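**Q** One structure follows; several queries about it will come next.
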Amino acid sequence: MNKQRRQDLQEALNKFEEAKALLEEAKEIIENASEEERDAFECLPEGLQESDRGQAMEENADDLEEAEEQVDDILSSIDEVSETIQNTIEK
């Protein structure tokens with residue numbers, strides 16, 4: 001592999017690192033919202049937890065937890081891609 005392609009791949013790696021940092025920030029925001037929604041639901045009296053509003057709050061917290069897991073999957077994929085590119089650069 002020539003020097004220019006290695007430089008281009010290094011630039012791609014840098015972009016992946018930037019994207020990863022942004023995704024980690026976004027995940028933290030989602031995590032905080034999820035915890036707050038779960039806490040708000042758990043603070044409701046039992047009768048309100050079973051109401052439409054309470055059920056919606058619980059579903060929101062569940063959906064946000066699922067979103068966190070999906071972001072974790074994306075972060076893992078970025079790590080795998082970055083490792084593959086790094087190995088290619090080093091050959």
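The values are calculated or read from the model by the stated rules, or taken from the named source; none is laboratory data. The shown structure was predicted, so the numbers you read here are calculated from the model rather than taken from an experiment. Don't worry about glycine lacking a Cβ; one is built from the backbone with ideal geometry, like all the others, and counts go over all protein chains shown. Areas reflect the complete protein model, heavy atoms only, side chains present, ligands, DNA and RNA absent. Shrake-Rupley method; radii C 1.70, N 1.55, O 1.52, S 1.80 Å.
**Q** Of all residues in the stretch 31-44, count the ones that are open to solvent by 70 Å² or more (accessible area, probe 1.4 Å) and either among the basic types (K, R) or not in a helix (DSSP H, G or I) (or both).
**A** 0
**Q** Turning to a different aspect of this structure: Do we find that L23 is surrounded by 15 or more Cβ atoms within 10 Å (Cβ to Cβ) and either out of contact with any strand residue (DSSP E or B) (no Cβ under 7 Å at 6 or more places or on another chain) or among the β-branched types (V, I, T) (or both) in this structure?
**A** Numbers: surrounded by 15 or more Cβ atoms within 10 Å (Cβ to Cβ): yes; either out of contact with any strand residue (DSSP E or B) (no Cβ under 7 Å at 6 or more places or on another chain) or among the β-branched types (V, I, T) (or both): yes.
Yes: the conditions hold for L23.
**Q** Here's a follow-up. Cβ-Cβ below 7 Å, separation at least six or inter-chain, first residue in the stretch 61-90 and more than 30 Å from K3 (Cα to Cα), second among the aliphatic types (A, V, I, L, M) and assigned to a helix (DSSP H, G or I): which pairs?
**A** Matching pairs, first to second residue: L64/I30; L64/A33; A67/I30; E68/I30; V71/L23; V71/A26; V71/I30.
**Q** Would you be able to say whether some residue in the stretch 45-54 is within 15 Å of the chain's Cα centre (by Cα) and open to solvent by less than 60 Å² (accessible area, probe 1.4 Å)? Break it down into steps so the answer makes sense when it comes.
**A** Filtering the stretch 45-54 for residues within 15 Å of the chain's Cα centre (by Cα) gives none.
No, there is no match, as no residue in the stretch 45-54 is within 15 Å of the chain's Cα centre (by Cα) and open to solvent by less than 60 Å² (accessible area, probe 1.4 Å).
**Q** Using the structure shown, decide if T88 is assigned to a helix (DSSP H, G or I) and either surrounded by fewer than 12 Cβ atoms within 10 Å (Cβ to Cβ) or basic (K, R) (or both). Step through it out loud before you land on a result.
**A** On the way: assigned to a helix (DSSP H, G or I): yes; either surrounded by fewer than 12 Cβ atoms within 10 Å (Cβ to Cβ) or basic (K, R) (or both): no.
No: the conditions fail for T88.
**Q** Further, regarding this structure: Quick one: E28 ticks every box in (1) in a helix (DSSP H, G or I); (2) touching a residue at least 24 places away in the same chain (Cβ under 8 Å) bar one, so which box is it?
**A** Here E28 clears every test but (2).
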